[in-house]
Amino acid sequence: MSGQTAEPAVIAAPRPSRFRAVWDSKIGYNFRRNPVAIASMAIFLIITGLAFFAPLIAPYNPYDPAQIDIMNSEYPPSWVAGSLPEFWLGTDDQGRDLWSTILYGTRLSIIIGVCAVLVQAVLGISIGLISGYVGGRTDSILMRLADIQLSFSTLMVAIIFLALTQALFGSEVFGRYAVVFLIAVIGVAEWPQYARTVRATVLAEKKKEYVDSARVLGFGPGRIMLRHILPNSMSPIFVISTVQVANAIISEASLSFLGLGMPPSQPSLGSLISSGFDYILSGSWWITVIPGVVLVVLVLVINLLGDWIRDVLNPKLYRG
Amino acid sequence: MFAYLVKRILQAIAVMLAISMIGFAIQGNLGDPLRELLGQSVSEEVRQQLREDLGLNDPFLVQYMRFLGNALQGDLGTSYFFKEPALEVILKKFPATMELVFGATLIIVGLSVPLGVYTAIRPNSIASKVIMALSIVGISIPVFLTAILMIYLFAVELGWMPSFGRGETVHVFGYWDTNFLSADGWAHIIMPSVALSSIMLPLFVRLIRAEMMDVLQSEYVRFARAKGIAPWRIYFIHALKNTMLPVITVGGVQIGTMVAYTILTETVFSWPGMGSMFLEAVNRVDTPLIVAYLIVVGFIFVITNTIVDLIYGLVNPTVKLSRMGA
Amino acid sequence: MTLLSVRDLTVKFATRNEPVTALHGISFDIAQGERVGVVGESGAGKSITGFALMNLLSKPGFIDSGQILFEGQDVTQMSDRAVRKLRGNRMAMIFQDPMVTLNPVLTIGQQMIETLRAHRRLSYDEARQIALVKLKGVYIPSPEERLDQYPHELSGGMRQRIVIAIALLLDPQLIIADEPTTALDVTIQADIMELLLELCRSNMVGLMLITHDLGVVSQVTERTLVMYAGRIIESGKTRAIINDPQHPYTQGLINALPQQTPPGTRLRQIPGSMPTLSMMPSGCPFNPRCELATDLCRANMPDITQFGEVQVACHEVQRLQADLNTAEAAQ
């Protein structure tokens, strides 16, 4: 903390990489001492690894109708009586191998979550930088917009937007472009989180000497923002991003559960849980519970990592 | 205070106008009212005549004003599916949703404040650590999954709780049937309320804890200690009120999310409220009902937000003066 | 008669590794009704001393060893409850920034009355009457109205008057004032200081005035402690310290005053800055900045010795004294 503020204005020189190294080692040191962080990171890496290599690992391709036999539907997992040895996690209502479907579904959930957060970050960071740097009327209008956007909850906006799109195009067409719609709507709805935090850092950093000296040296606002102010906003952005990915994954799952997201033919974790829900009363719990557990563990480890990063970097976050 | 009130009400009206605009745009573009009214086997001439009669050829602004005028008189169109006025359909579902929200709010407010305060005051106690660990698990489980898992555990496996519907309700007045006056009603509303509160409760516990810990570091709390005030008074009179100010603001922001969660919860528990009705309306492309839902929810949302702002103004002595002057 | 007697008070701050020492076994006394100034640069440990006296150190600070005898009782050994009975009652504190000292959501009246009722069995109305009297005592116009106002409705100077009134509510024996005017406008600083001086005099209240302003110290206090890097390096009658400082650091402080500098010349500041807690030099902590430093100064911390009217911790002063003694003996 004091290291950054007390540093004299090194005129326009890029931040030395030595700084970076100290920084990294502080995070590294904290990481090594925190068993929760280590375990979370390990689980996170395992889940993402499995998900991304799904096509290599999965014994079946759940998107290929030729590999699906409806006669195989609702076989329980291997530790329950009546299972088939080739489906160790059992099968879903359509006869798909649950293990393969979960791998592919997790991949979809993660991709949608991360892409949506990228959209949020790009939108929010640019708006936040502009708002904070330009100030005045632009700033107050943009921040008022952010307030309004935030008070209409993301999930509500997404539900209404996706419901209307689906009603307009029909579920056939909607299903084909569901990934794009989901990324767009979750991405656009959450920009204020980034914008407010970035704006707050910009306002704080703008007052500091190094920004003045950069301005005196004749650097344009674009360069000052990207090269000088943005690097100082990195730690809050980093902290927000982890939480946002977790939230985006939850939002995607919720939307898909409502039938406003991924179609059953191309299930994410949310739509898989949704399709299993109809069978839970008849006892086929695994179609719902197993992908549910995967979803919760995935979101939980991301949240735990987010908490840990926040404690280590301890940035001033915009709350509320 | 009066100027503040007027300003808030004007703001609310502006938001309502914006929502009605969106509603109108949806009505004009989603679905075909002629087909709903006439079916498909009608000559082009008849269709044109009806378009004229219904005013569908009028300029945009005229149509919007008519829509607005009707809306103000409580006419939000007729549901294609129920063949009843859309507003009436919604009002019949309104009590079910409100009672659910009430139950969840009770759980959230009743538990988040004591738990948040406790974990802030005793951050190192074992109970605090357990609460914080549970809270992070809590915010990681989507509402619909909590609902499903509860049904699986308590309804399917253990058979303790009913899994769907409102059960036996008691008629109170008008449209209002309540769950809170019969044992069966209570049994039916407990799981949905818990599910609805399942993400927000831990969220608020964490928020209250963080704010309270900040406040406990403040100079005025230190000064209160220097005055020799008893700890309970410092926690509950000096710190809590200051803690609640930002919490109230966040609470206002969360109202929209709460509405979204009612859709999820009602779907899982087949709760006969506005949320599950909305999803059905979407699946049936029942445009008047969709529009009516948006407007009613928008209205509730604006009202509650205004109330939250007013509460904030009442709790925070610095608000009145600064905003009254402005 | 001694009101407060601090003996070998050591305060440490817990860190992830070894705790660092913020106060290195300081000792001093305050007599009944005596006004004592504590001066030094920021970070010297002045405020920590003040808060330690009330056992109000904020985490991770803690009293490691030593005694704080207040009216004959050791504050460090008391139960939380007993210390609470002292605070605001027998010893009160005035904080630095009145803008953040008062609780923004409680009225002035609530904040005064709760203090009274925490220590005395009083009805609400009785407490309100006392609060009113005290507000009049600090020259607050229309005190009746003020009681129902919130802090944000009052100016900084007005708020500090109220803080002083709160400190005086229960007629304490000692007031610890931590830079009570630093956060205020220059124009009202003198008013507040004068008020404080007047009230302490007329009520026979002991005052421990923490400040970095030597001018204020010379106006208000009878005795002065000069602190540097968690130690008292010089103490004595304020007049003696201002007119004839012995420690090179105190001399530096006084030479740096604008009044001591001819117009048009540069202020004579002490070069360098105070060491941080974790990077304390060996020997006398002032040696890196001291023009007179010798190898002895770099090796050992000097003891406190009497020199003329003051007590001072400096090898150079001790050498000077030894020289004088031998010269005297030779005569």
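Which of the residues belonging to region B:154-170 are of a type outside the set (Val, Ile, Thr) and within 10 Å of chain A (Cβ to nearest Cβ)?
Of everything in region B:154-170, those that are of a type outside the set (Val, Ile, Thr) and within 10 Å of chain A (Cβ to nearest Cβ) turn out to be B:Ala155, B:Glu157, B:Ser163, B:Phe164.
For region C:156-177, name all the residues that are hydrophobic (A, V, I, L, M, F, W, C) and part of a helix (DSSP H, G or I).
At the first step, the residues of region C:156-177 found to be hydrophobic (A, V, I, L, M, F, W, C) are C:158, C:162-170, C:174-177.
Hits for region C:156-177 are C:Met158, C:Ile162, C:Val163, C:Ile164, C:Ala165, C:Ile166, C:Ala167, C:Leu168.
So how many residues does region A:209-222 have that are surrounded by 14 or more Cβ atoms within 10 Å (Cβ to Cβ), of a type outside the set (A, V, I, L, M) and free of Cβ contacts under 8 Å to residues at least 60 places away in the same chain?
Here the count works out to 1.
List pairs: first residue in region A:119-147 and in contact (Cβ under 8 Å) with a residue 60 or more places away in the chain, second residue part of a loop (DSSP other than H, G, I, E, B) anywhere in the structure, Cβ distance under 9 angstrom, at least six positions apart or on different chains.
Filtered contacts from region A:119-147: A:Val119/A:Glu190; A:Gln120/A:Glu190; A:Leu123/A:Glu190; A:Gly124/A:Glu190; A:Ile125/A:Ser233; A:Gly128/A:Ser233; A:Leu129/A:Ser233.
Considering only region A:244-277, state which residues are over 12 Å from A:Ile110 (Cα atoms), facing another protein chain (nearest Cβ under 10 Å), touching a residue at least 24 places away in the same chain (Cβ under 8 Å) and aliphatic (A, V, I, L, M).
A:Leu255, A:Leu258, A:Leu260
Is it true that some residue in region B:264-281 is of a type in the set (Val, Ile, Thr) and closer than 22 Å to C:Val100 by Cβ?
no
Evaluate the following for C:Pro180: is it touching a strand residue (DSSP E or B) at 6+ places or on another chain (Cβ under 7 Å), away from every other protein chain (no Cβ under 12 Å) and not in a helix (DSSP H, G or I)?
Numbers: touching a strand residue (DSSP E or B) at 6+ places or on another chain (Cβ under 7 Å): yes; away from every other protein chain (no Cβ under 12 Å): yes; not in a helix (DSSP H, G or I): yes.
When the stated conditions are applied, C:Pro180 passes them.
Could you list all residues from region C:259-285 that are assigned to a helix (DSSP H, G or I) and under 22 Å from C:Gly43 (Cα atoms)?
Within region C:259-285, C:Leu277, C:Ser278, C:Met279 qualify.
Yes/no per residue for (1) within 14 Å of chain B (Cβ to nearest Cβ); (2) at pLDDT 85 or above:
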position	(1), (2)
A:Phe152	yes, no
A:Ala184	no, yes
A:Thr201	no, no
A:Lys206	no, no
A:Asp212	no, no
A:Phe219	no, no
A:Pro231	no, no
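Evaluate region B:207-227: report whether one residue or more is of a type in the set (D, E, K, R), within 30 Å of B:Leu149 (Cβ to Cβ) and in contact (Cβ under 8 Å) with a residue 12 or more places away in the chain. Break it down stepwise before answering.
Filtering region B:207-227 down to residues of a type in the set (D, E, K, R) leaves B:209, B:211, B:214, B:219, B:222, B:225, B:227.
Of the ones still in play, those that are also within 30 Å of B:Leu149 (Cβ to Cβ) are B:209.
Filter again for in contact (Cβ under 8 Å) with a residue 12 or more places away in the chain, leaving B:209.
Checked region B:207-227: at least one residue is of a type in the set (D, E, K, R), within 30 Å of B:Leu149 (Cβ to Cβ) and in contact (Cβ under 8 Å) with a residue 12 or more places away in the chain.
Out of (1) surrounded by fewer than 19 Cβ atoms within 10 Å (Cβ to Cβ); (2) more than 14 Å from every other protein chain (Cβ to nearest Cβ); (3) not aliphatic (A, V, I, L, M), the odd one out for B:Pro95 is which?
Of (1) surrounded by fewer than 19 Cβ atoms within 10 Å (Cβ to Cβ); (2) more than 14 Å from every other protein chain (Cβ to nearest Cβ); (3) not aliphatic (A, V, I, L, M), only one is false for B:Pro95: (1).
Report whether or not C:Thr107 is of a type in the set (Ser, Thr, Tyr), farther than 21 Å from C:Thr49 by Cα and within 24 Å of the chain's Cα centre (by Cα).
Working: of a type in the set (Ser, Thr, Tyr): yes; farther than 21 Å from C:Thr49 by Cα: yes; within 24 Å of the chain's Cα centre (by Cα): no.
No, not satisfied.
Which residues, counting only those in region C:27-40, are in a loop (DSSP other than H, G, I, E, B) and either under 12 Å from the mean Cα position of the chain (by Cα) or over 30 Å from C:Ala256 (Cβ atoms) (or both)?
So in region C:27-40, the residues in a loop (DSSP other than H, G, I, E, B) come out as C:32-34, C:40.
C:Gln32, C:Gly33, C:Gly40 - these are the residues of region C:27-40 that are in a loop (DSSP other than H, G, I, E, B) and either under 12 Å from the mean Cα position of the chain (by Cα) or over 30 Å from C:Ala256 (Cβ atoms) (or both).
Filter region C:286-323 for residues that are among the polar types (S, T, N, Q), touching a helix residue (DSSP H, G or I) at 6+ places or on another chain (Cβ under 8 Å) and outside any loop (DSSP other than H, G, I, E, B) and give the result.
Across region C:286-323, the qualifying residues are C:Asn287, C:Thr305.
For region C:42-155, please list each of the helices (runs of 4 or more DSSP H) lying entirely inside it that holds at least 1 residues being more than 14 Å from chain B (Cβ to nearest Cβ) and either in contact with a His (Cβ under 7 Å, 6 or more places away or on another chain) or of a type in the set (S, T, N, Q) (or both).
C:46-53, C:124-137
Given the structure, is B:Gln49 more than 22 Å from A:Ala163 (Cα to Cα), modelled with pLDDT under 70 and among the polar types (S, T, N, Q)?
no
Please enumerate the residues belonging to region C:199-231 that are part of a strand (DSSP E or B) and in contact with a helix residue (DSSP H, G or I) (Cβ under 9 Å, 6 or more places away or on another chain).
So the first thing to find is which residues in region C:199-231 are part of a strand (DSSP E or B), and the list is C:206-210, C:223-228, C:231.
Matches in region C:199-231: C:Gly206, C:Leu207, C:Met208, C:Leu209, C:Ile210, C:Arg223, C:Thr224, C:Leu225, C:Val226, C:Met227, C:Tyr228.
Does B:Ile121 satisfy being in contact (Cβ under 8 Å) with a residue 24 or more places away in the chain, over 26 Å from the mean Cα position of the chain (by Cα) and closer than 30 Å to B:Gln217 by Cβ?
yes
Any idea which of (1) in contact with a Pro (Cβ under 9 Å, 6 or more places away or on another chain); (2) surrounded by 15 or more Cβ atoms within 10 Å (Cβ to Cβ) is the one C:Lys136 doesn't satisfy?
Among (1) in contact with a Pro (Cβ under 9 Å, 6 or more places away or on another chain); (2) surrounded by 15 or more Cβ atoms within 10 Å (Cβ to Cβ), the lone unmet condition for C:Lys136 is (2).
The values are calculated or read from the model by the stated rules, or taken from the named source; none is laboratory data. Quick caveat: nothing in here was measured; it's all calculated off a predicted structure. Quick reminder, even Gly has a Cβ in these numbers, built from the backbone with ideal geometry, and neighbours come from all protein chains shown.
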